[in-house]
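Contents: one structure, followed by commentary.
The values are calculated or read from the model by the stated rules, or taken from the named source; none is laboratory data. Note that the coordinates shown come from a computational prediction; the quantities given were computed from them, not determined experimentally. Neighbour counts run over all protein chains shown; Cβ positions are idealised from the backbone, glycine included. Note: accessible area is taken over every heavy atom of the protein model, side chains too, but ligands, DNA and RNA are not part of it. Shrake-Rupley method; radii C 1.70, N 1.55, O 1.52, S 1.80 Å.
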Amino acid sequence: GVILNCNPAAEKMFEQDKEELTGKMIPTLASPEKPIHNEIQTLLKSTYETGNESRFEFLGQRHFNSFQVEILLSRSTYFDQAVIIAAARDLTPMRQTEEQLIEKTRFLGSLIENNTSMVYVVNRLGNMELVNKKWEEVTGISRSEALGKSAEQLFSNFATTNQEVADFNKVMQGETIE
């Protein structure tokens, strides 16, 4: 697990120059909060012996902060010597994007769920994919009963008169019944 060489991207990621990184053991790049010595040694040995690539995430350490790092290990040859190539990337931007996406998804889900209008989504096959609380209140059908079923399956017993059928069709087309 000794670093033999590195590129400028690794220098920038770990905020160390090539001379500082060369000769270090990979576990020394991990945050002291979450040491990785045993895990990385197992993966290095497995990759070296089998030739199968391994992927590993750990909490890396820069001068004053820690960050998520992903390393892809693969066996190769370096100056006629069998070695493990470790390609690392900083996962911070991806994790930040994931968090933003989760937050926006929660916000939009809350808008749909708490909307005072009936909200439902039907897939191409005509089956319910989403219904909100108001839809459940108005129809009297629970979400668990509705999801995956077509409007015809859900409402066939309700529409008994021509007017009820007409009203049902209006509702399914997004119109308001008064």
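Screening the candidates E136, E99, E145, E129 for the property of being acidic (D, E), part of a strand (DSSP E or B) and either modelled with pLDDT of 90 or more or farther than 30 Å from N7 by Cβ (or both) yields one hit, E129. Just one of the listed residues (R95, R89, R124) is under 26 Å from the mean Cα position of the chain (by Cα) and surrounded by 13 or more Cβ atoms within 10 Å (Cβ to Cβ), and it is R89.
Listed here are the helices (runs of 4 or more DSSP H) enclosed by segment 1-79 that have at least 1 residues being under 20 Å from Q96 (Cα atoms) and open to solvent by less than 20 Å² (accessible area, probe 1.4 Å): 8-14.
Here A159 meets the list (1) modelled with pLDDT of 90 or more; (2) open to solvent by less than 50 Å² (accessible area, probe 1.4 Å) almost entirely, failing just condition (1).
Filtering T77, T47, T28, T22 for residues that are hydroxyl-bearing (S, T, Y) and within 16 Å of N7 (Cα to Cα) leaves a single hit, T22.
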